[in-house]
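Structure first, then comments.
The values are calculated or read from the model by the stated rules, or taken from the named source; none is laboratory data. Keep in mind that this is a model prediction, so the values were computed, not measured. With ideal geometry, Cβ positions are generated from the backbone for all residues, glycine too; neighbour counts draw on all protein chains shown.
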Amino acid sequence: MASSAVFIQNKKTPLLLYAASALIILFLFFFLLLPVGVILIKALQDEEGQFTLQYFSLIWQNESYLLAIANSFKLAAMTTISCLAISFPLALINSRFSYPGKKIFSVLLLAPLVLPPFVAAVGINKLFAKFGAVNLMLQEIGIISEMIDWMHSDNLFAVVVLLETIHLFPILYLNIMAAIANIDPSLEEAASILGASRLKRFRDIIWYLARPGIFAGASIVFVFAFTDLGTPLLTGWTDNVAVKIFDLVTSAASNPMGYALVILVLAVVATSFVTSRFLYARTSYPTLAKGHVQKIEEKASSATKMIFVLANIILLTLALAPHLSVLIASFSEKWFMTILPTEIGLNHYRDIWQEPISIIGIKNSLALSVVATLIDMVLGFGIAFIVTRKLLPFSNFLDGLVMLPLAIPGIVLAFGYVVCYTDTFLDPLNNPTFLLIVAYSIRRLPFMVRAASAGLSQLSLSLEEASYTLGASKSLTIYKISLPLTFANILAGAIFCFAFTMLDVSDSLILAMKDRFYPLTKAIYALYLEQGRGENLACALGSIGMLILALALSLVSIILGKKMGELFRG
Amino acid sequence: MQIDFENVSKHYGSFQAISNFSLHIKSASLHFLLGPSGCGKTTLIRLLAGLEDASSGRLLFGGQDATAIPPAARGVGMVFQNYALWPHMSCQENIEYGLNLRKISREEKNQKVSEVLKLTHLEECRRKYPGQLSGGQQQRVALARALAIEPKILLLDEPLSNLDAKLRSEMREYLLEIHAKTQITTIYVTHDQREALSMGTEVSVLNRGQLLQTGTPKELYHEPTSLFLAKFIGETNLIDGFIDKTASDGMIVKTTLGNINTPRNETLAKIGQPVTLSIRPEAIAVSLKEKNSDELNILPAQITNTVFFGDMEQLTAKIGKEGQLKVHRCYTGASEMPLGAAITCFLPKAQIRVFAQEGAT
């Protein structure tokens, strides 16, 4: 039987394939394993090259670092808990009940995930400023008489938790939805027939069987919140590990504390994923009768439906308010002491083109993202083909290797590049272009490989074999059959890569050190730090970023929405 | 073109898919490879196409060693079980694909495409895409694509398994017609014994990667060489026992049904040898009259179940305390055999096959 599990091992594996794989592995070695390895070695070596743990004990003795570590843990834990508090009930409602607008809400709920939290941080400053929209609105309603200093340093932690939560809750939501969708409704029905109440059914069945999905999603949220650099940086909450690492980049050569902090981050990431795996294995049960899981939607009463709709609207308003505020600010000509701007126009968008740094940012990001995406397309398809068709004896190793960037946070990789390649011909201080392209492409490579693999695994092997039997070579078969039939997946993957690269934060902030190399996000950051009109320009530039993202994602949904066959029909 | 497998083996890691397989397939024949799922028949066809390499042994096409020839150079046409039609190409583009790879003139190409379209009755589907065709049409496009390159060997991998019963029977006749016209050596893989018995001139039966028997459908049905074959092809009654007496012209086997006189099996003719007897349900004669006879192979019985199939009737006949036989008889309505009726079963000696019991040495 022709299945993807069958090797096509006819004739010898061409030398070219080994050469190409060797190049891919070398590429990943130099720009993924080596930078992390060098940090690890430096963190465990003293000036004489002897093994030491002194840097870790120095962290322990330094109150500022201890505070940063404790804060990062607190941030990650609080974010995970609040994401769970939102996502679990939401997933439960959306998987079990039908109510008006459910489809639209389900799509909109994913918007905060793709909208950059970095831009949201700019928006939240506008909303919660002392004389910002929130205070003015509360005063107008009569709830407060004196302005509250929301953005006071004491409140910044809560603000960052809020921003991380609205950005990350969709990840948990998606995981829990998937877990609940896999629970056969007949399991609940069986309990119901035996007399179990809704609460008991939830406690004994849904909660138990959905736990693996919760653990998987929670570990991702925890790690993202722990390692996010952009949000705390722009909010001004600096006492955390990610910002400390960012601050230590410039003094990486002279101050070994950065290495130790990066290793700590890696240890947290690894522990988090291992724990999640362990909990997943402990709590997942093999489904006995895995047949067709039919979805049964319950009809809710009118009042309940109303509550569901309202809950969705409130959640979406909260989640999208910061981004909306950025958008409004970008059009505001006059916005002072009023809830909404009193004058609007396109001045900020016009000013962007007169501000060299914003033009540089847009140009650089476009160029870098296009090149990185092209690299990802070629590498991603190549690796996916080797892996799905098991062309090499070490195909699985290659698969594991390209997935590693998912577990290595952006700040770690960027820090590693600075450490590894400073004072070499790739020194990011002189010109970070090459390293930026490499960092962008490596960090998005797993997504591209997954996208191409999905297409290739769905493609029956016999479609390629039919071509071989008719006399076509492997390369011609790839060109004529495999590529056109997986093109929709590759294109969708490429658009994702492009969009997320355009709005990459950690690599861009750390690696681009001189104005003329600034990508879009670093340009937004630089403008934001400028006094006066800088903030509004940052909002306009952020809105352009969101527009690019929105266009890209619409394109993906259009492409993926069409069935593969229809896409190629005249 | 004649095909020879010479001691071909194929393993995937520790799994032995084909072991020591040898077979000669005559030129221009329509040869069936029949066996249950996982018996290795698809592996054999993939070895012929060059999609798999043999772990050992040789494959000869027309007497020439073809083991190392890559698939592209074998000149083999193949119809895949799922047809493997390229959804992004029209029927014509699918069919032309192989011709485009052979440097031939445009006129010649067009002529060949028209010929196969006519042969497969697909002229009207020329510009359609696979997704716009019915199952039967898709099957014919796959066949047309394989035939267009004028292959020396045509491989059909369960080509009818995705069609409904009616279409399947139409396509059987159609495939026979195409084979008669083209006279291409054709290897047809199937797990459907009806398909193999009704269409094949020669059938090879496989199990667990080994060739069990090659022969005409009638030989396989009436002269199975193993217990597996007797069970796999058609229905049969299996009766366990051991040899009680042997003579030059037969043997007496002691069974739960009583002593049964069977033809002599040279390799098993040993007193005390555990054996299994096989007799087809339609080979057993029944009559309503109860006959108390000491004659061998005449057994008094009682009908415990009847199943009506239209053209025939299946009776379950209880013999003694534990024995039971299935009997098929042509149903004409002339003599009814009601439930509970006492009957006599006659087991013709010549129709009984004797095999070693499974697990017995």
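If you check B:R74 against the conditions, is it facing chain A (nearest Cβ under 7 Å), among the charged types (D, E, K, R) and under 20 Å from B:K152 (Cβ atoms)?
When the stated conditions are applied, B:R74 does not pass them.
Take B:S56 and tell me if it is more than 28 Å from B:Q132 (Cα to Cα), among the hydroxyl-bearing types (S, T, Y) and touching a residue at least 12 places away in the same chain (Cβ under 8 Å).
yes
Check region A:100-115 and report whether any residue there is β-branched (V, I, T), touching a residue at least 60 places away in the same chain (Cβ under 8 Å) and surrounded by fewer than 19 Cβ atoms within 10 Å (Cβ to Cβ).
The answer is yes, given that some residue of region A:100-115 is β-branched (V, I, T), touching a residue at least 60 places away in the same chain (Cβ under 8 Å) and surrounded by fewer than 19 Cβ atoms within 10 Å (Cβ to Cβ).
For B:K270, work out the one condition from (1) closer than 18 Å to B:I239 by Cβ; (2) free of Cβ contacts under 8 Å to residues at least 40 places away in the same chain; (3) surrounded by fewer than 19 Cβ atoms within 10 Å (Cβ to Cβ) it doesn't fulfil.
(1)
How many residues are at pLDDT below 80 and either under 24 Å from A:G382 (Cβ atoms) or more than 14 Å from chain B (Cβ to nearest Cβ) (or both) when one looks only at region A:1-46?
Of the residues in that region, 13 qualify.
Name the one entry in B:G135, B:G75 that is modelled with pLDDT under 90 and within 19 Å of A:A472 (Cβ to Cβ).
The match here is B:G75.
Does A:T80 satisfy being surrounded by 13 or more Cβ atoms within 10 Å (Cβ to Cβ) and either of a type in the set (D, E) or within 21 Å of the chain's Cα centre (by Cα) (or both)?
yes
Does B:L211 count as farther than 19 Å from B:K349 by Cβ and within 15 Å of the chain's Cα centre (by Cα)?
In short, yes.
Tell me which strands (runs of 3 or more DSSP E) are completely within region B:1-45 and hold 1 or more residues being loosely packed, with under 15 Cβ neighbours inside 10 Å, or say none if there are none.
B:3-12, B:15-25
What do you reckon, is B:L60 under 29 Å from B:D4 (Cβ atoms), surrounded by 22 or more Cβ atoms within 10 Å (Cβ to Cβ) and more than 8 Å from every other protein chain (Cβ to nearest Cβ)?
Spelling it out, it is not the case that B:L60 is under 29 Å from B:D4 (Cβ atoms), surrounded by 22 or more Cβ atoms within 10 Å (Cβ to Cβ) and more than 8 Å from every other protein chain (Cβ to nearest Cβ).
Scanning region B:99-136 for residues that are assigned to a loop (DSSP other than H, G, I, E, B) and of a type in the set (V, I, T), which turns out nearest to B:R172 (Cα to Cα)?
B:T120
Show the residue pairs meeting these rules: Cβ distance below 9 Å; 6+ apart or different chains; first residue within region A:198-209 and over 19 Å from A:L279 (Cβ atoms); second residue surrounded by 18 or more Cβ atoms within 10 Å (Cβ to Cβ) and acidic (D, E).
A:R201/A:E188; A:F202/A:E188
B:A196 passes all but one of (1) touching a helix residue (DSSP H, G or I) at 6+ places or on another chain (Cβ under 8 Å); (2) of a type outside the set (F, W, Y); (3) free of Cβ contacts under 8 Å to residues at least 60 places away in the same chain; (4) farther than 22 Å from B:L277 by Cα; which number fails?
With respect to (1) touching a helix residue (DSSP H, G or I) at 6+ places or on another chain (Cβ under 8 Å); (2) of a type outside the set (F, W, Y); (3) free of Cβ contacts under 8 Å to residues at least 60 places away in the same chain; (4) farther than 22 Å from B:L277 by Cα, B:A196 is out only on (3).
Restricting to region B:30-40, name every residue that is within 17 Å of B:P159 (Cβ to Cβ) and more than 10 Å from chain A (Cβ to nearest Cβ).
Matches in region B:30-40: B:L30, B:H31, B:F32, B:L33, B:L34, B:G35.
Which residue is nearest to the other protein chains (Cβ to nearest Cβ), if the candidates are limited to region B:100-110 and must be surrounded by 12 or more Cβ atoms within 10 Å (Cβ to Cβ) and at pLDDT 90 or above?
By that ranking, first place goes to B:K109.
B:L220 is checked against (1) outside any strand (DSSP E or B); (2) over 11 Å from B:F32 (Cβ atoms); (3) modelled with pLDDT of 90 or more and fails just one. What number does that condition carry?
All conditions are met except number (2).
Does B:F15 satisfy the criteria of being over 19 Å from the mean Cα position of the chain (by Cα), more than 30 Å from A:Y479 (Cα to Cα), more than 13 Å from chain A (Cβ to nearest Cβ) and aromatic (F, W, Y)?
Judged against the criteria, B:F15 is not a match.
Exactly one condition in (1) out of contact with any Phe, Trp or Tyr (no Cβ under 7 Å at 6 or more places or on another chain); (2) within 12 Å of another protein chain (Cβ to nearest Cβ); (3) crowded, with 22+ Cβ neighbours inside 10 Å is not met by B:T185; state its number.
Evaluating B:T185 over (1) out of contact with any Phe, Trp or Tyr (no Cβ under 7 Å at 6 or more places or on another chain); (2) within 12 Å of another protein chain (Cβ to nearest Cβ); (3) crowded, with 22+ Cβ neighbours inside 10 Å leaves (2) as the failure.
Any residue in region B:168-175 that is surrounded by 16 or more Cβ atoms within 10 Å (Cβ to Cβ) and either within 14 Å of chain A (Cβ to nearest Cβ) or farther than 25 Å from B:K26 by Cβ (or both)?
Within region B:168-175, one or more residues are surrounded by 16 or more Cβ atoms within 10 Å (Cβ to Cβ) and either within 14 Å of chain A (Cβ to nearest Cβ) or farther than 25 Å from B:K26 by Cβ (or both).
Could you grab me the full set of residues in region A:143-152 that are under 17 Å from A:K126 (Cα atoms) and free of Cβ contacts under 8 Å to residues at least 24 places away in the same chain?
Listed by number, the residues that qualify are A:M147, A:I148, A:D149, A:W150, A:H152.
Within region A:336-413, which helices (runs of 4 or more DSSP H) (wholly inside it) include 2 or more residues that are free of Cβ contacts under 8 Å to residues at least 12 places away in the same chain and under 26 Å from the mean Cα position of the chain (by Cα)?
A:356-388, A:395-403
Could you list, in sequence order, all residues of region A:479-497 that are hydrophobic (A, V, I, L, M, F, W, C), within 13 Å of another protein chain (Cβ to nearest Cβ) and surrounded by fewer than 23 Cβ atoms within 10 Å (Cβ to Cβ)?
Passing the criteria: A:L483, A:F487, A:A488.
Okay, residues lined up against (1) buried (at least 22 other Cβ atoms within 10 Å of the Cβ); (2) more than 29 Å from A:L174 (Cα to Cα); (3) of a type outside the set (D, E, K, R):
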{"site": "A:R211", "(1), (2), (3)": "no, no, no"}
{"site": "A:I214", "(1), (2), (3)": "yes, no, yes"}
{"site": "A:I220", "(1), (2), (3)": "no, no, yes"}
{"site": "A:G236", "(1), (2), (3)": "no, yes, yes"}
{"site": "A:D239", "(1), (2), (3)": "no, yes, no"}
{"site": "A:I245", "(1), (2), (3)": "yes, yes, yes"}
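If the Cβ limit is 8 Å and pairs must be 6+ apart or interchain, which residue in region A:423-450 that is in contact (Cβ under 8 Å) with a residue 40 or more places away in the chain and surrounded by fewer than 19 Cβ atoms within 10 Å (Cβ to Cβ) pairs with which residue that is assigned to a loop (DSSP other than H, G, I, E, B) and not β-branched (V, I, T)?
Within 8 Å, the pairs are A:L429/A:M513; A:L429/A:K514.
What pairs come out if I take residues in region B:78-93 that are more than 7 Å from chain A (Cβ to nearest Cβ) and pair them with residues that are in a loop (DSSP other than H, G, I, E, B) and polar (S, T, N, Q) whose C-beta lies under 9 Å away, six or more apart or interchain?
B:Q81/B:S161; B:Q81/B:N162; B:Y83/B:N162
Within 14 Å of chain A (Cβ to nearest Cβ), of a type in the set (V, I, T) and within 15 Å of B:G35 (Cα to Cα): does that describe B:T214?
no
Give just the number: which of (1) more than 14 Å from chain A (Cβ to nearest Cβ); (2) crowded, with 20+ Cβ neighbours inside 10 Å; (3) within 32 Å of the chain's Cα centre (by Cα) does B:C125 not satisfy?
Among (1) more than 14 Å from chain A (Cβ to nearest Cβ); (2) crowded, with 20+ Cβ neighbours inside 10 Å; (3) within 32 Å of the chain's Cα centre (by Cα), the lone unmet condition for B:C125 is (3).
Could you say whether any residue in region A:105-123 is in a helix (DSSP H, G or I) and in contact with a strand residue (DSSP E or B) (Cβ under 7 Å, 6 or more places away or on another chain)?
No: zero hits.
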